[in-house]
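The values are calculated or read from the model by the stated rules, or taken from the named source; none is laboratory data. Treat the numbers as computed from the prediction; the structure is a model and nothing was measured. For neighbour counting, all protein chains shown are included, and Cβ atoms are generated from backbone atoms with ideal geometry for every residue, glycine included. Each accessible area value is taken on the protein alone, full model and side chains, heavy atoms only, with ligands, DNA and RNA left out. Shrake-Rupley method; radii C 1.70, N 1.55, O 1.52, S 1.80 Å.
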Amino acid sequence: MITHIQGRLVEKTPTDVVIDCNGVGYFINISLHTFSELPDSENIKLFTHLQVREDAHILYGFTSVAEREIFRLLISVSGVGASTARSMLSSLAPEQVLDAIAQNDLPTIQSVKGIGAKTAQRVVLDLKDKILKVYGLSSISAGASNTNKNEALSALETLGFVRKQSEKVIDRIVKENPQASVEMIIKQALKNL
């Protein structure tokens, strides 16, 4: 029903924002990813998803249409509610969610609080074909491009760093520089860990 809201940013926290749109303040739940993407300007536009429940009408907002579509795909999976989908988009960037599903990367999906082994398997089983079709990803090409990332991650683990922390740092490095060599990723990661 409400596809986007554009207006003046009145309040902003890591989990929600209030946007004043012609004198009406809309309370919108957001992911940490959206929070990090919000512009510094007062005038913003969020693409929204309205969830209608028996006891509440809840708005979820996203800075991009792609993130909203991933959210909608996630909540279509049995056992994944809006709060779990928002947690997933807070813990992982939308691209990481797509990659994890396309590559059957269950440990990455399970790293999100509230997602167990069965739910992670269901997410992959229900969404893999849709994601490969809609986003034109090929699970083979996605896996090949992550070889450097995986080698750097195992090297850091061997050096005694915690996998989850290392993974977040490496993902950030690879996002900024997708063509980075293993050595370059490791050097950058060591500076940030």
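By how many nm would the segment from His4 to Val182 grow when fully extended, if each residue of separation counts as 0.36 nm and the alpha-carbon distance is taken off? Present the calculation step by step, with values, prior to reporting the outcome.
Details: separation 178, 0.36 × 178 = 64.08 nm, distance 4.10 nm.
Between His4 and Val182, full extension yields 60.0 nm more.
Mean Kyte-Doolittle of at least -0.5 and a Cα length of 24 Å or more along the axis: which whole DSSP H helices of the chain meet both?
On the way: long enough: 117-134 (25 Å, 0.04).
Helices meeting the criterion: 117-134.
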(message) Give me the extension gain from Glu42 to Lys175: residue separation times 0.36 nm, minus the current Cα-Cα distance, reported in nm with one decimal.
(response) 45.1 nm
(message) Could you check the spin-label model distance between Leu193 and Leu159? Points 7 Å from the Cα along Cα→Cβ, value in nm.
(response) 0.5 nm
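Among all lysine pairs in the chain that are eight or more places apart or on different chains, how many have alpha carbons less than 14 angstrom apart? Each step should come with its number before you reach the end.
Numbers: Lys12/Lys45; Lys113/Lys164; Lys149/Lys164; Lys149/Lys168; Lys149/Lys175; Lys149/Lys187; Lys168/Lys191.
Count of close lysine pairs: 7.
Which order do peptides 83-92, 171-180, 114-123 fall in by mean Cβ count within 10 Å, highest first? Walk me through the intermediate numbers first.
Numbers: 83-92: 21.2, 171-180: 14.0, 114-123: 16.3.
Final packing ranking: 83-92, 114-123, 171-180.
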(message) If I compute solvent accessible area with a 1.4 Å probe over the protein chains, what percent of it on segment 53-193 is carbon and sulfur?
(response) 52 percent
(message) Give me, ordered by chain and number, the residues 5 or more places off Ile2 or on other chains with an amide H under 5 Å from its own placed amide H.
(response) Leu50
(request) Consider a paramagnetic label point 7 Å from the Cα of Thr15 along Cα→Cβ; state which residues of segment 75-112 have an amide N under 13 Å from it. (result) 83-84, 86-87
(message) Just want to confirm a number: the relative contact order over segment 4-116, from Cα pairs under 8 angstrom separated by 6+ residues, in percent.
(response) 19 percent
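Per residue, what accessible area does the chain have, given a 1.4 Å probe and all protein chains present, in Å²?
Details: 10770 Å² over 193 residues.
Value returned for the chain: 56 Å² of accessible area per residue.
Would you mind calculating the relative contact order of the chain from Cα pairs under 8 angstrom and at least 6 residues apart, reporting the percent as a whole number? Before the final figure, lay out each step's value.
Values: 254 pairs, mean separation 23.7, N = 193.
Over the chain, the number comes to 12 percent.
Send over the per residue convex hull volume for segment 2-147, Cα only, as a whole number of Å³.
Details: hull volume 17.3 nm³, N = 146.
That works out to 119 Å³ per residue.
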